[in-house]
Amino acid sequence: MSGPTNSRAPSAATSSALASPRLGGKPLEPLDTWTDEALFAEVARGSEPHFNVLYERYFQRIYAFVYLRIRNHADAEELTQETFTVVFRAAEAWGGRASPLAWVYGIAKNTISNHLRRLRTGRERLEQAGPNPLVTTSPIWSYTPEEQLDLDRCASQLDERLSGVAAWQAEAFLLRHGENCTIPEISKRTGRSSDAVRSGLYRVKKLLMEVGVDSSAQERPE
Amino acid sequence: MPKEIAAEFSTEELMEFLEGDLHPTQADPEFKERLRRDLWAMVQERYGRGTDETEH
């Protein structure tokens, strides 16, 4: 079973494939009526139109399935990407043992489970660390004086870097990762274009990553 | 009587998955297109360009 036919209009990339005749001059069925199995087979032969139809067919269902369980757009994007990457990397390993629908569903479900497990592990560690996770006496999650010094230095650099970020960019970052807002929502609330929001988020993320790199560099003597 | 589509998952589970097609939650269109491009690049690298005569 490949599921109901996608009722949305096909993208421009697939329109030509929908109308074009194939081998022997005999027109075949539009691609959006093809089974998942047949589409996967053509993708493995390197056909972009077939890939586009499969992607279009599964994108909304995977994204919605993930979002309903995670309730966070940023994470939903990441997990959707992870699911699709596994699907298309392992397409040749699918082997027709189950319906493609069940196979893709299984991958999405496992991706979500792994994510939730990582979150739980992170929360448990924070709980064990106590009210101030940067300073703890827990035997499970404790720091040497040198490590504590590094953490304090890292926190200080973080504050310093973020003070150089425009207020609206910091707000966008909090809206995205703290309140789970989409790019269009952030754009509306900050009065900035979607492109500006994306650039701003990227800049803040880069700054935060640079803090991590700087901290590592300071640890290692030349 | 609903039939099992695959031994591992029930029909109800798979129907829930399919209902995502109609769910109002929409992803960022730019993310969707960026992901499509990245995935296609990965597929091309993995499976190579096809010799499908429909490609044009």
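No value in this document is a laboratory result; all are computed from the given coordinates. All figures in this text were calculated on a predicted structure; none of them were measured in a lab. Here Cβ is always computed from backbone atoms with ideal geometry, including for glycine, and neighbour counts include all displayed protein chains.
Here the Karplus curve 6.51 cos²θ - 1.76 cosθ + 1.60, taken at θ = phi - 60°, turns the phi angles of the stretch A:168-181 into couplings of 5, 5, 5, 4, 4, 4, 5, 5, 6, 9, x, 10, 6, 7 Hz, with x standing for Gly and Pro. Residues whose amide H falls under 5 Å from that of A:Cys181, counting only those 5 or more places apart or on a different chain, are A:Arg176, with hydrogens built in the peptide plane.
With a Förster radius of 41 Å, plug the Cβ-Cβ distance of A:Thr85 and A:Arg123 into 1/(1 + (r/R0)^6) and report the FRET value to the nearest 0.05.
Values: r = 26 Å, r/R0 = 0.63.
E(calc), rounded to 0.05, equals 0.95.
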